[in-house]
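These notes concern the structure reproduced below.
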Amino acid sequence: MADIQQLEQAVCALLAETLRVDPVEVTPETEFGDLPQWDSMGHMEVMVSLEKAYGVDINADTITDLVSVKAITAHIEELGHD
């Protein structure tokens, strides 16, 4: 399994691609609302991308919990995906 920093970087890259922003704009500290593109609609796109890339279950709890790069990374790590 990739280490946590590699996973964090992969999550940052996924968010940048999904939200169509420059990858330098997404850091491990990025949270929902930090970028204009990461609004409620953007968040749904991020959830769909995570589901496709990592098999993350999308439900009401997931949508409200995964609101930062760190939370997303921790969730994927917890599920045991790389």
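The values are calculated or read from the model by the stated rules, or taken from the named source; none is laboratory data. Remember, predicted model here, so these are calculated numbers, not experimental data. FYI the Cβ positions are ideal-geometry reconstructions off the backbone, even for glycines, and counts take in every protein chain you see. Ligands, DNA and RNA are excluded from the accessible area calculation, which covers all protein heavy atoms including side chains. Shrake-Rupley method; radii C 1.70, N 1.55, O 1.52, S 1.80 Å.
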- For the chain, what is the charge dipole size about the Cα centre, in debye to the nearest 20, if Lys and Arg each add +1 at the Cβ and Asp and Glu each add -1 at the Cβ? 180
- Which shape class, rounded, prolate or oblate, goes with region 39-82 when its Cα gyration tensor gives a ≥ b ≥ c as root eigenvalues, a/c under 1.5 marks rounded, and past that a/b bigger than b/c marks prolate? prolate
- For region 1-55, what is the largest minus smallest coordinate of the Cα atoms on each principal axis, given in angstrom and ordered from greatest to least? 32, 23, 15
- Quick one: with all protein chains in place, what share of the accessible area of region 11-55 is carbon or sulfur, to the nearest percent (1.4 Å probe)? 56
- Note on the structure: Reduced to Cα centres, the span from region 56-70 to region 1-36 in Å works out to 15
- Message: For LYS70, LYS52, give me the order by solvent-accessible area with a 1.4 Å probe, most accessible first, ignoring ligands, DNA and RNA.
- Response: LYS52, LYS70
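Which value, in Å², gives the accessible area per residue of the chain when a 1.4 Å probe is used on the protein heavy atoms?
Heavy-atom accessible area per residue stands at 58 Å².
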- Message: Need one value: the accessible area of LEU79 in square angstrom, 1.4 angstrom probe, rounded to the nearest 10.
- Response: 80
- Item | Of SER49, THR73, VAL24, farthest towards positive along the dipole that unit charges on Lys, Arg, Asp, Glu beta carbons give the chain | SER49
